[in-house]
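The values are calculated or read from the model by the stated rules, or taken from the named source; none is laboratory data. Given the structure is predicted, the values throughout are model-derived calculations rather than measurements. For neighbour counting, all protein chains shown are included, and Cβ atoms are generated from backbone atoms with ideal geometry for every residue, glycine included.
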Amino acid sequence: MSTTTAPQDGAPSPDRYDARRDELAESALQTLGERGYARTSLREIAANSPFSHGVVHYYFRDKTELIVHGVQTYKARCVTRYDDVVASASSADDLARAFGDKLVETMTDEAPMHRLWYDLRTQSMFEERLRPAVLAIDASLEQMIWRVVSRYAELSGRSVAVSSASAYAMLDGVFERALLRHLCGDPEAGPWLKAQASDALPMLFGDA
């Protein structure tokens, strides 16, 4: 039940204000990941957090602003998750295996957050306010995938035959389909994702 009430002693400092917005957004993400964008109101978010509706409304004017902030914060962490894989790989095959393992790990461990992201991206086709944030997040995810693809090119001695946008679209499509299978309870979703990612990577390259 929400217990924390709206601030009564004047505006917080800028650092404290930003920290509290991050805290509220983190608290909201779990509810949003379970219920989805359209089915969740700001009041319901507050009811499933330690904060009152007044506090949430003090820091965020509406549900859309809160969701965008939360997903931006989450995705800012996500875009570095493959950096260790890229840095530690000693061969193209090693990179492909580690990349596939990491894809499966994040799909299974963080499925609600990925589901929320795809929900938000779809909703942006109808809600103009969502589009700038969605496009910015999408661009950062494309860069994340391109770092993997570029490193694979270096290790394999091959040239990339597609654009970064095409590489991202292919691998993102594979991930989204695997996520749906995982959410439907398919025990083969993880192995399928790893196999598809391993098959897809070499298809992005031309001859040595």
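Can you tell which of LEU120, LEU155, LEU141 is under 18 Å from ALA89 (Cβ atoms), assigned to a helix (DSSP H, G or I) and touching a residue at least 60 places away in the same chain (Cβ under 8 Å)? Being under 18 Å from ALA89 (Cβ atoms), assigned to a helix (DSSP H, G or I) and touching a residue at least 60 places away in the same chain (Cβ under 8 Å) holds for just one of LEU120, LEU155, LEU141, which is LEU155. In segment 39-57, the qualifying residues are those that are farther than 17 Å from TYR118 by Cα and of a type in the set (Ser, Thr, Tyr), and the one that is surrounded by the fewest Cβ atoms within 10 Å (Cβ to Cβ) is SER41. Within segment 22-43, residues that are assigned by TED's automatic domain parsing to the domain that holds LEU120 and closer than 20 Å to ARG61 by Cβ reach no partner that is surrounded by 14 or more Cβ atoms within 10 Å (Cβ to Cβ) and at pLDDT below 80 with beta carbons closer than 7 Å at six or more positions or on different chains.
Sort out which residues of segment 1-44 are of a type in the set (Asp, Glu) and at pLDDT below 80, and write them in order of number. Answer for segment 1-44, where residues must be of a type in the set (Asp, Glu) and at pLDDT below 80: ASP9, ASP15. Filtering segment 77-108 to residues that are loosely packed, with under 12 Cβ neighbours inside 10 Å and either touching a Ser or Thr at 6+ places or on another chain (Cβ under 6 Å) or among the hydroxyl-bearing types (Ser, Thr, Tyr) (or both) leaves THR80, SER88, SER90, SER91. Scanning segment 27-38 for residues that are among the charged types (D, E, K, R) and surrounded by 14 or more Cβ atoms within 10 Å (Cβ to Cβ) yields a single hit, ARG35.
Residue pairs whose Cβ atoms lie under 6 Å apart, separated by 6 or more positions or on different chains, with the first residue in segment 160-189 and over 12 Å from LEU204 (Cβ atoms) and the second of a type in the set (D, E, K, R) and at pLDDT 95 or above, are ALA189/ARG181.
Screening GLU127 with (1) touching a Leu at 6+ places or on another chain (Cβ under 7 Å); (2) closer than 23 Å to ALA169 by Cβ gives one miss only, at (1). Residue count for segment 176-208 under the criterion of being part of a loop (DSSP other than H, G, I, E, B) and aliphatic (A, V, I, L, M): the result is 1.
Applying the criterion of being assigned to a helix (DSSP H, G or I) and among the hydrophobic types (A, V, I, L, M, F, W, C) to the residues of segment 158-175, the residue that is surrounded by the most Cβ atoms within 10 Å (Cβ to Cβ) is ALA167. Is it the case that some residue within segment 76-88 is among the acidic types (Asp, Glu), in a helix (DSSP H, G or I) and assigned by TED's automatic domain parsing to the domain that holds ALA195? Yes, there is a match, as at least one residue in segment 76-88 is among the acidic types (Asp, Glu), in a helix (DSSP H, G or I) and assigned by TED's automatic domain parsing to the domain that holds ALA195. Being among the charged types (D, E, K, R) and under 27 Å from ALA195 (Cβ atoms) is a property that GLU142 has.
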